[in-house]
Amino acid sequence: MSGGVDSSVAAAMLAREGRRLVGFSMQLIDKLAGEAERYGRCCSPEDFKDARRVAERMGFPHYIIDMEQEFMDRVVLPFARDYAAGRTPSPCVNCNTFIKFDSLIARSRAVGAEKVATGHYAILERDPKTGRTLLRKARDLTKDQSYFLFDLSDEQRAAAEFPLGRLSKDEVRELAREFRLDNADKPESMDLCFVAKGEDYRGFLERQGLMAQREAGEIVNSSGEVLGEHGSIGDYTVGQRKGIQVPSQDKLYVLRIEPEQKRVVVGGGDELLNDRCVIERTRWIPFEILDGPISGSMRIRSNDTGSPATVTPLPDGRAEVRFDVPQRAIAPGQAAVLYDGDLVLGGGWIVAGSATK
Amino acid sequence: MMIHADTQRVYLDHNATSPVRPEVLETMQRILAGPGGNPSSMHSEGRAARKQIEDARLQVAGLTGAKPSEVVFTSGGSEAISAAVRGVSDRAPTDRRRIVISATEHSAVHEAAKHAVRRGMLVVTVPCGPDGRVDVERFKTQLSGDDVALAALHWANNETGVLQPLEEVGRACRLAGIPFLVDAVQAAGKMPIDPREVFADMMAISGHKLGGPQGTGALIVREGITLAPLVSGGAQEKRRRGGTEAVCAIAGFGVAAALTAQRMKEEVGRLVRLRARLETRLREIFPDVRFHAQTSQRLPNTTNFALPGVPGETLVIALDLEGFAVSTGSACASGAVEPSHVLLAMGLSEEEARSSLRVSTGWSTTGDDIDRFLDVLPRVVGQVRKGLGR
């Protein structure tokens, strides 16, 4: 329970059904390093007070649990490492996979609970034929969070509940008012929850002392011609247009980052187009193992609506993705998630240097 | 998972707060229902209220062996400590800039000292040994300069119950002419606490640890010590704390102090026996249990132990859901648990410190409470270990 309206309503719905509940708020990041009174977008004392008020109102116990260490190890450090290696991180997927549906599930079982419910917008349902737990998009597609949940194991999905999956945001706010929750009109939290208001991830990493050492390098075009210099590859992600300090008549984009050479490769918009890539650490949902090519709609970032693609398994949990139509800015480090309509088939992590034409 | 009704709950967290004693409740109800009256008023109601406060002052003095005129009522232990630290550092001669404290002080002392840093003081923290006692020789060494404004040492530790070498430190302070503050919040009511015996110039105690109401406490200030006032505004509490007194709460505090003093001898024996039963059985049930500072001189009511692989925070939650109130020892205002600075100072690893549980008994604890706790604990610990996969 973050103290926001979604997790509050999810908990209140279950309480109204008469389910036995324990509320947990995760302390993920402490007061920002070196500053006494600033907090990230999550985990402020005010947020926890809001969560506690909901639990009191709905009549179940509530606890704040310290998960800072896990969050640092499993989410923040990988996030920092991704930037340093020229990848585009996906911290929200890792937070679901390793924090909410791993650490938190373990702690819930430790106190006698069987499942973990969250305020995610996605639908879980059991496949009667295979017994597996399927993941579907939320009914409100503007709120759908299934992309961030693709990497949960079948066991993790079976232990999860998403009470909001079939509701729209308006219905959720309506319910919050019906339950007389104090935070019914609390504004939406967006972006990286652990970065403070009015700050970007670079400022965050710097204050946490996690910014990789800045090493200058060359900015080159795709034929290797040196166009200029950059201060650090950590300042760039694939597809980025702003901040490329190279005079050019055309709009320049980051095509790829070559961490070994400390090189940033830039080029025109159409050079960003690729029609294949490789994904690793794949996860499949209706089935455990992918044994042949499968087609569907592939999303290569959280705000991507999806494009037709075929995925063919490779050894070692890898797979090749071929898009019917070339895609812009296939960014290493991002999750690629395959859908059949609203059903999530699975996905994997885009491998650096694998995007080709 | 079962959430028990409050009546069936077992409360084993007296070091956090002790439930209000029935006699205290009765006194407070009587006063609240009475005519009221401001203790500073001349009329009959005012005089009655004044008498209630002065009676309480006698009772609190009686618990400590101080003179009634040395008792200054405050809103609690933290305020008493803050009043002492501020009161001394604001009036300290300019060449006395150091405050010497022990590593295992309550956060009230650490924070008050930190605050004094902003007023130009320097805080020296003296470490403790693995037994939880402050290193006396190092403490005395720190007192040897001419620049110490204040020394502070707690009587008993809130997390481990360990008693500190007050007399030695206090004697050294007195010889060096250094004001000596003793935080006796945890010791009060659980053992005799006479400030004279330990050469304390100031001593802080709290009402709610005795079964009095929350929001009461006292600073015992030895005759002849002058402090800067904490709250200006009136002549109350000898100008040390202005403002109309919380008559009803102070009277409740007085009753709690009187009862505690009166029953101390038999109560100490009873609590020691309860703890011996608890610790013996814990050792039998969990051969891998680690008691902290078990061989040190301790308060009669406090047990601090660790079960390897069982995080204290999770165990406290699981036990709460089963109807048992215990603690990890160190709570923080936000509600999330940080590893105990006391256990870390005793040389425990962060992992060990996080696996610790504190059980603290008091006037309302029965043998049945201990037995029920021991009955439930193995199952809950098994559930926690299984859930966390340890």
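The values are calculated or read from the model by the stated rules, or taken from the named source; none is laboratory data. As the structure is a computational prediction, the values presented were derived from the model and not from experiment. Heads up, the Cβs are rebuilt from the backbone with ideal geometry, glycines too, and the neighbour counts pull from every protein chain shown.
Which condition number does residue A:57 fail, the rest of (1) part of a helix (DSSP H, G or I); (2) away from chain B (no Cβ under 14 Å); (3) buried (at least 21 other Cβ atoms within 10 Å of the Cβ) being met?
(3)
Yes or no: region A:315-326 includes at least one residue that is closer than 30 Å to residue A:223 by Cα, at pLDDT below 95, aromatic (Phe, Trp, Tyr) and in a strand (DSSP E or B).
For region A:315-326, residues closer than 30 Å to residue A:223 by Cα, at pLDDT below 95, aromatic (Phe, Trp, Tyr) and in a strand (DSSP E or B): absent.
What pairs can you find where one residue is in region A:99-114 and at the interface with another protein chain (Cβ under 9 Å from one of its Cβ atoms), the other is part of a loop (DSSP other than H, G, I, E, B) and of a type outside the set (A, V, I, L, M, F, W, C), and their Cβ atoms are less than 7 Å apart, with a gap of 6+ or different chains?
Qualifying pairs under 7 Å: A:106/B:389.
Condition check: at pLDDT below 90, touching a helix residue (DSSP H, G or I) at 6+ places or on another chain (Cβ under 8 Å) and within 19 Å of residue A:104 (Cβ to Cβ). Does residue A:32 satisfy that?
Taking the combined requirement at face value, the residue does not satisfy it.
Name the pairs whose Cβ atoms lie under 7 Å apart, with the first residue in region A:288-301 and part of a loop (DSSP other than H, G, I, E, B), the second surrounded by fewer than 20 Cβ atoms within 10 Å (Cβ to Cβ), and 6 or more positions between them or separate chains?
Final answer for the pair search is A:290/A:313; A:291/A:313; A:293/A:310; A:293/A:312.
Please verify whether region B:353-370 includes one or more residues that are free of Cβ contacts under 8 Å to residues at least 12 places away in the same chain, surrounded by fewer than 21 Cβ atoms within 10 Å (Cβ to Cβ) and within 14 Å of chain A (Cβ to nearest Cβ).
No, region B:353-370 has no match at all.
Look at region B:194-207 and say how many of its residues are in contact (Cβ under 8 Å) with a residue 40 or more places away in the chain, buried (at least 24 other Cβ atoms within 10 Å of the Cβ) and either of a type in the set (Gly, Ala, Ser) or part of a loop (DSSP other than H, G, I, E, B) (or both).
Residues meeting the conditions: 3.
Restricting attention to region B:320-344, which residues are modelled with pLDDT of 90 or more and at the interface with chain A (Cβ under 9 Å from one of its Cβ atoms)?
The answer is B:320, B:321, B:322.
Select from region A:71-97 the residues that are of a type in the set (Phe, Trp, Tyr) and within 14 Å of chain B (Cβ to nearest Cβ) and list them in ascending order.
Within region A:71-97, just A:71 meets the criteria.
Against the definition (at pLDDT 95 or above, touching a His at 6+ places or on another chain (Cβ under 8 Å), within 20 Å of residue A:119 (Cβ to Cβ) and buried (at least 19 other Cβ atoms within 10 Å of the Cβ)), how does residue A:9 come out, yes or no?
Judged against the criteria, residue A:9 is not a match.
Residue A:177 - would you say it is within 14 Å of another protein chain (Cβ to nearest Cβ), more than 20 Å from the chain's Cα centre (by Cα) and either without any contact (Cβ under 8 Å) to a residue 12 or more places away in the chain or part of a helix (DSSP H, G or I) (or both)?
no
Residue B:293 passes all but one of (1) within 14 Å of chain A (Cβ to nearest Cβ); (2) touching a Ser or Thr at 6+ places or on another chain (Cβ under 8 Å); (3) aliphatic (A, V, I, L, M); which number fails?
The number of the failed condition is (1).
Is it the case, given these coordinates, that residue A:291 is closer than 22 Å to residue A:154 by Cα, loosely packed, with under 14 Cβ neighbours inside 10 Å and either out of contact with any helix residue (DSSP H, G or I) (no Cβ under 9 Å at 6 or more places or on another chain) or small (Gly, Ala, Ser) (or both)?
Here the answer is yes, as residue A:291 does meet what is asked.
Quick check on residue B:356: is it small (Gly, Ala, Ser) and in contact with a strand residue (DSSP E or B) (Cβ under 9 Å, 6 or more places away or on another chain)?
yes
Given the criteria more than 10 Å from chain B (Cβ to nearest Cβ) and either at pLDDT 95 or above or closer than 17 Å to residue A:104 by Cβ (or both), does residue A:18 qualify?
yes
Among the listed residues B:282, B:374, identify the single one that is in contact with a Lys or Arg (Cβ under 6 Å, 6 or more places away or on another chain), more than 14 Å from chain A (Cβ to nearest Cβ) and surrounded by fewer than 23 Cβ atoms within 10 Å (Cβ to Cβ).
B:374
Among the residues of region B:222-231, are any in contact with a strand residue (DSSP E or B) (Cβ under 9 Å, 6 or more places away or on another chain), surrounded by 24 or more Cβ atoms within 10 Å (Cβ to Cβ) and not acidic (Asp, Glu)?
No.
Residue pairs, Cβ under 8 Å, 6 or more apart or interchain, first in region B:309-329 and on the phi > 0 side of the Ramachandran plot, second crowded, with 24+ Cβ neighbours inside 10 Å and part of a helix (DSSP H, G or I). List them.
The qualifying pairs are B:329/B:312; B:329/B:342; B:329/B:343.
Please go through (1) buried (at least 21 other Cβ atoms within 10 Å of the Cβ); (2) within 16 Å of residue A:194 (Cβ to Cβ); (3) among the aliphatic types (A, V, I, L, M) for residue A:51 and return the number of the only condition it doesn't satisfy.
(2)
Assigned to a strand (DSSP E or B) and among the hydrophobic types (A, V, I, L, M, F, W, C): which single residue out of A:238, A:265 fits that description?
A:265
Among the candidates B:224, B:243, which residue alone is in a loop (DSSP other than H, G, I, E, B), closer than 21 Å to residue B:38 by Cα and either of a type in the set (A, V, I, L, M, F, W, C) or over 18 Å from the mean Cα position of the chain (by Cα) (or both)?
Residue meeting the stated conditions: B:243.
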